[in-house]
Amino acid sequence: MWKFVAAGIGIFAVVLLGFSLIDGGDGEVRASAVFVTSPDEVARYARATEPKRWEFPRDHGAHLAYQTEWWYFTGNLTTEQGRHFGYQFTVFRRAITPEAVESPSEWRTNQIFLAHFTLSDIESGRFYHDERYSRGAAGLAFAVPNELAPDEAFRVALEDWTVFDPVGDGRQFRITAASPNGFAVDLTLTPQKPPALQGDRGLSAKSSEPGNASHYYSLTRIATVGTIQAGDQSHDVSGLTWMDQEFSTSALGVNALGWDWFGLKFDDGRDLMVGQIRLADGGREPAFGGLLVGVDGSTEYLPASSFTITALDTWTSPHTGAVYPSGWQITVTPAEGDPFTFSATPMMRDQELHSGDIAYWEGAVVLAGDVTGYGYAELTGYVQAMTGRF
């Protein structure tokens, strides 16, 4: 999955780093911000140009040499009575300068954080969503371990929204988050498979240009139990979660408009990531592929030519007016084994996050056909093109 934390950097600059105040002449005061990263400055960050040597659980933590990083969790959960929920919990880190500056002030930082938190209550048709921003200072937001704190146990936090490893061995995680918008989760997650390295041993190309890539791995099948609050009701739930972590300095090519991404868990025990980066000329970026994860955790890289994603329907957002695909037929032709075709259908039409700087659709889907199961889809670039946002 390729996220868009850089796209919201203008809001980060306003909320966290100060305002440029403009009197519009009508009695209102408006705030604006401009964030510019020069090519020379970008060159001082690390870039994903070749496969790295992975070390877990250390690599669950932060990689401060890279400009952008995120920890992304999506899950499909049910109650004992069969009531379905989906959730997304994502924390983004963005460096605003390549090097940290020493300062006696606990507020001084070159790191800023953003978190997105959503809950899809399928039975009621209610989609809850919230987001937070903070500077990576004064204990407000942080991600460890990192180069400056290599011996810390894994924890990523933005205020009291957090995901952490309670023991420190990478065998379990816990997510706790509560929103004033009327929803919360308290979940324990136990990975069932080892980390699956996306692309070429974890180097996931997003275009043919060297460096337009990320270091990217997934925990594709994580047993999940806990509680969900939706409105004034609390529910005991269980199910499966998908986790992605990516870090990079630049990724998308200059012609990219957006992407359609799918993280899917099959009932037969396999898992699948497929996606397509949509280009300005109407084509599809051939450098970006997918990954098929076996029951035993073995992986097969899927080049873009080995799968197709065909939209079956559309949905028009009442919030932004954007027209999204809504339902897909996906065909996969692995190098080993038989081809398979299935549909991925949104469990709710309206799962659009539309309150922030970037609007996008991210929601729970159900699978039917040669394989069955559940998962998540992410659709970007339908409200605003992503061109130039990285």
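No lab work stands behind these numbers, since they all come straight from the coordinates. Quick caveat: nothing in here was measured; it's all calculated off a predicted structure. So basically every Cβ, Gly included, is an ideal-geometry build from the backbone, and we count neighbours across all protein chains shown.
If R0 equals 41 Å, the separation of the Cβ atoms of ALA223 and THR331 corresponds to a calculated FRET efficiency of about 0.90. Full extension of the chain between ASP236 and SER103 gives 43.3 nm of extra length, using 0.36 nm per residue less the Cα-Cα distance.
Note on GLU147 and ASP267: their simple-model spin labels are 4.8 nm apart, each label 7 Å out from Cα toward Cβ. Projecting the Cα atoms of VAL167, TYR301, HIS129 onto the charge dipole of the chain (Cβ charges, centred on the Cα centre) puts TYR301 farthest toward the positive pole. Only one of the values (1) 1.04; (2) 0.95; (3) 1.27 was calculated from this structure for Cα Rg over 2.2 N^0.38 Å; name its label. The value matching this structure is (2). Rounded to the nearest Hz, the phi-derived 3J(HN,Hα) couplings of region 337-343 under the Karplus curve 6.51 cos²θ - 1.76 cosθ + 1.60 (θ = phi - 60°) are x, 7, x, 9, 10, 8, 9, where x marks glycine and proline. Qualifying trypsin sites (Lys or Arg not before Pro) in region 100-135, where qualification requires a DSSP coil assignment and no more than 13 other C-beta atoms within 10 Å, comprise ARG108.
Among the GluC sites (Glu not before Pro) in region 286-390, those placed in a DSSP loop whose Cβ has at most 16 other Cβ atoms within 10 Å are GLU336. Only the Cβ atoms of Lys and Arg (+1) and of Asp and Glu (-1) were treated as charged; on that basis the dipole of the chain about its Cα centre amounts to roughly 360 debye.
Count charges around PHE117 for me, please; just the other residues with Cβ under 9 Å from its Cβ, Lys/Arg as +1, Asp/Glu as -1. Please list the in-between numbers first.
Working: positive: ARG132; negative: ASP130, GLU131.
Net charge around PHE117: -1.
Between GLU152 and ASN146, the built amide H atoms are under 5 Å apart, and every one of these is 5 or more places off in sequence or on another chain. Candidate cross-link partners of LYS52 among the aspartates and glutamates, defined by an alpha-carbon separation under 15 Å and a same-chain spacing of 8 or more, comprise ASP200, GLU246. Whole-Hz Karplus values for region 316-322 come out as 9, 5, x, 8, 10, x, 5 Hz, taken residue by residue from phi with 6.51 cos²θ - 1.76 cosθ + 1.60 and θ = phi - 60°; glycine and proline positions read x.
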